[in-house]
Amino acid sequence: YEIRNCDWSSDVCSSDLLIGAKNMWLLLLFIVVPVLEIWLFIIIGGAIGTYITLSIILLTAILGTFLVKAQGIYVLKEIQGRLNELKNPTEPIVHGAMILFAGALLLTPGFFTDSVGFLLLIPGVRSVTFSWLKNNLKFISVSSESKPHSSTQSYTDIEITDYKEVRQIGRAHV
């Protein structure tokens, strides 16, 4: 049971406010990143020109696509090798997820998102990020152990007593 500190007159509980505060970073991220990207477009576009800025954005998307493909193939081979050796494939799977996220960032127009996307394509950065995630996030372990069968298991047989054949009307037999 969960003990909640509630103010019954306003239907607001302190745990609800705490949960809202924990998730506020996501809202902040969706506000700060686009504002940062617009600011960088204005600053860099004013310094080097509009066409060069747009060319850089287009080239980073194209280059990012090729790099994501190459890194993705490498990680898929690493996952396959780990599975063949019956080793834990968690780390290469997380690396693959980071490469996928990097690809999404590189296809998103912007200098900040491109920078983060290119950083995630560096294996050393992904390893440090994986270590940080492993140490700071809680993971749930699921086991596939089978329980011993009991000799007193009972089985139920279902018997169908009302059965009517249904025929389709209006269809010609082929």
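The values are calculated or read from the model by the stated rules, or taken from the named source; none is laboratory data. All values derive from a computational prediction rather than experimental measurement. Please note: Cβ atoms are built from the backbone with ideal geometry, for glycine as well, and neighbour counts cover all protein chains shown. Calculation scope for accessible area: heavy atoms of the full protein, side chains included, ligands and nucleic acids excluded. Shrake-Rupley method; radii C 1.70, N 1.55, O 1.52, S 1.80 Å.
Data for the structure
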| read-out | value |
| --- | --- |
| The lone exception for ILE122 - which of (1) open to solvent by 80 Å² or more (accessible area, probe 1.4 Å); (2) modelled with pLDDT under 90; (3) not aromatic (Phe, Trp, Tyr) it fails | (2) |
| Selected residue (criterion: modelled with the lowest pLDDT) from residues of the range 125-153 that are among the charged types (D, E, K, R) and more than 30 Å from LEU58 (Cβ to Cβ) | LYS147 |
